[in-house]
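Here's the structure, in structure tokens; my notes come after.
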Amino acid sequence: MTVAPFASLNGVLLSRLRLVLPYAGIWHADAWVTDDTLPLPAGPQVLSLAGTNYACSIIRVIDFAGSREVRLIGGAGGWRRPVPAKDYASPAGVPTNVVLSDAAATVGELPPVVDPSVPPTLGPSWERQAGAASLVLWSALSLGWWMDPAGVVQTAPRLPTPITSYFDAIAVQGAPGRVLVATDTPGDWTPGRTFLGATVSGTVNRVMHTVEPIRFRMEVMVQ
Amino acid sequence: MTVPATDRLQESLRAILAALLPTLAYYAVWEYRVLNVSPPLGPPAPVKLGVPILVDCVALDAATAATLPPTLSAKVLQPGPSGLVAIPAIGSVVLVGFANGSPGKPYVHSLDPNVAPINTPFSQFATLLHGSTDPATQAAAAFLQAELGL
């Protein structure tokens with residue numbers, strides 16, 4: 001029986017992994033591959049951690065002393081690429097989804113999912129500035145956007161859904177609001193969700209998964 | 001390996017600042033050159049209060065075009081506190097700003113100090129005075145036009 005690796009990149013076992021899921025913005029990861037002779041496929045990559053797949057792209061690869069270190073970013077890596085300035089005008093209001101999907105298409109990303117809570121128009125005018133495509137998201141949505149594991153930008157509010165799976169709070173730094181959590185279901189721990197434990201409770205703000213050769217740990221920053 | 005055009009650390013810091021201050025560019029005032037005004041209210045047509053004047057314009061220089069759209073269409077000419085506007089001449093330079101630093105609220109708020117507007121509240125007032133049959137009013141209109149070079 002073949003056991004799937006706990007952490008892998010395109011099916012190749014990782015010796016180390018650091019995956020950061022921010023409350024807003026794009027998640028990213030640093031991965032260490034044990035075998036630097038295996039070629040990395042071009043284009044989209046699939047990062048897997050405890051059964052959850054993350055669609056990502058390579059920012060940087062460096063091989064050293066038989067090991068390969070890879071920096072990965074969620075999605076197609078397009079949101080960091082520049083878009084030209086563009087003038088939008090419509091008496092009926094410039095549709096929000098048009099501005100967002102326009103930027104996405106220009107840099108090869110999937111169109112953001114515009115939640116009904118987001119205003120459908122941006123006004124009779126919208127002037128997109130030249131610069132990183134992500135500036136369109138920051139300026140149009142402020143902190144109201146995040147990327148899901150499939151690499152798609154979401155604009156729905158982070159829901160305070162309770163985490164019901166079992167977990168242990170191993171260590172707590174109360175002042176900075178950091179909790180070290182042991183769990184068999186790390187995929188449940190996403191920003192916005194709430195947890196209620198015997199010793200500590202809170203709302204997840206930022207998650208950092210760290211996989212090392214002999215252990216896995218997850219650090220949660222609480223709101 | 002290609003040599004990066006910028007310092008990596010500076011570039012990372014620039015990206016962080018840009019994400020924290022994504023609308024910084026919209027707090028500046030930008031120079032554009034007028035291509036068209038709508039409606040085209042040359043004298044003696046009076047400018048109606050409450051009727052928006054829309055301006056099409058093109059970026060004055062490469063620095064502006066590198067940041068904002070090279071051409072802007074149908075941007076509102078902001079009236080002054082009196083509610084009146086002066087119509088900029090085609091080819092003159094106007095200043096474009098963004099209310100509240102919002103990319104969705106561009107407006108033209110200043111005209112070219114070196115190019116007389118083609119229709120100002122004064123010229124409209126003088127035109128109205130000229131239409132009067134009262135000689136004193138007509139004399140006042142002539143004086144106004146002569147003094148202001150209308």
**Residue satisfying condition, being β-branched (V, I, T), surrounded by fewer than 17 Cβ atoms within 10 Å (Cβ to Cβ) and outside any loop (DSSP other than H, G, I, E, B), within set B:T64, B:T127, B:T133, B:T137** = B:T137
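Within the range A:25-49, can you find the residues that are aliphatic (A, V, I, L, M) and buried (at least 18 other Cβ atoms within 10 Å of the Cβ)? Please lay out each step first, then the result.
So the first thing to find is which residues in the range A:25-49 are aliphatic (A, V, I, L, M), and the list is A:26, A:29, A:31, A:33, A:38, A:40, A:42, A:46-47, A:49.
If the condition is that a residue be aliphatic (A, V, I, L, M) and buried (at least 18 other Cβ atoms within 10 Å of the Cβ), then A:I26, A:A29, A:A31, A:V33, A:L47, A:L49 are the ones that fit.
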**Request:** Please work out if A:T155 is touching a residue at least 24 places away in the same chain (Cβ under 8 Å) and either within 12 Å of chain B (Cβ to nearest Cβ) or surrounded by fewer than 19 Cβ atoms within 10 Å (Cβ to Cβ) (or both).
**Result:** no
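Every residue in the range A:137-152 that is touching a residue at least 12 places away in the same chain (Cβ under 8 Å), within 13 Å of another protein chain (Cβ to nearest Cβ) and either surrounded by fewer than 16 Cβ atoms within 10 Å (Cβ to Cβ) or touching a strand residue (DSSP E or B) at 6+ places or on another chain (Cβ under 6 Å) (or both), please.
Of the residues in the range A:137-152, the ones touching a residue at least 12 places away in the same chain (Cβ under 8 Å) are A:137, A:140-141, A:143-147, A:149-152.
Okay, now just the ones that are also within 13 Å of another protein chain (Cβ to nearest Cβ), so A:137, A:140-141, A:143-145.
Across the range A:137-152, the qualifying residues are A:L143, A:W145.
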**Prompt:** Taking the stated definitions as given, is A:A24 farther than 19 Å from A:M218 by Cβ, at pLDDT below 90 and of a type outside the set (F, W, Y)?
**Reply:** no
**Request:** Answer with yes or no whether A:S165 is surrounded by fewer than 18 Cβ atoms within 10 Å (Cβ to Cβ) and in contact with a helix residue (DSSP H, G or I) (Cβ under 6 Å, 6 or more places away or on another chain).
**Result:** yes
**Message:** Looking at the range A:115-125, can you tell me whether even one residue there is buried (at least 22 other Cβ atoms within 10 Å of the Cβ) and within 11 Å of chain B (Cβ to nearest Cβ)?
**Reply:** yes
**Fill in**
Exception for A:G93 within (1) within 12 Å of another protein chain (Cβ to nearest Cβ); (2) in contact with a helix residue (DSSP H, G or I) (Cβ under 7 Å, 6 or more places away or on another chain) falls at (2)
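Within the range A:173-194, identify whether any single residue is within 30 Å of A:L110 (Cβ to Cβ), of a type in the set (V, I, T) and not in a strand (DSSP E or B), and answer yes or no. Even if it seems obvious, please write down each step before you answer.
So in the range A:173-194, the residues within 30 Å of A:L110 (Cβ to Cβ) come out as A:183, A:185-194.
In the following step, the residues that additionally are of a type in the set (V, I, T) were identified as A:183, A:185, A:190, A:194.
From the residues that got through so far, the ones that are not in a strand (DSSP E or B) too are A:185, A:190.
There is at least one residue in the range A:173-194 that is within 30 Å of A:L110 (Cβ to Cβ), of a type in the set (V, I, T) and not in a strand (DSSP E or B).
Residues that are more than 27 Å from A:G131 (Cβ to Cβ): which strands (runs of 3 or more DSSP E) entirely in the range A:24-104 hold 3 or more of them? Give the steps one after another, and end with the answer.
Values: elements: A:28-33, A:45-49, A:52-64, A:67-74, A:86-89.
Where strands (runs of 3 or more DSSP E) fall fully within the range A:24-104 and carry at least 3 residues being more than 27 Å from A:G131 (Cβ to Cβ), they are A:28-33, A:45-49, A:52-64, A:67-74.
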**Prompt:** If A:A150 passes every condition in (1) over 30 Å from B:N100 (Cβ atoms); (2) in contact with a helix residue (DSSP H, G or I) (Cβ under 8 Å, 6 or more places away or on another chain); (3) among the aliphatic types (A, V, I, L, M); (4) in a loop (DSSP other than H, G, I, E, B) but one, which one does it miss?
**Reply:** (2)
**Asked** What's the number of the condition A:E109 fails, among (1) within 14 Å of another protein chain (Cβ to nearest Cβ); (2) assigned to a loop (DSSP other than H, G, I, E, B); (3) charged (D, E, K, R)?
**Response** (1)
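The values are calculated or read from the model by the stated rules, or taken from the named source; none is laboratory data. This one's a predicted model, so the numbers in the text were calculated from it and none came from an experiment. Neighbour counts are summed over all protein chains in view; Cβ atoms, including those assigned to glycine, are modelled from backbone coordinates with ideal geometry.
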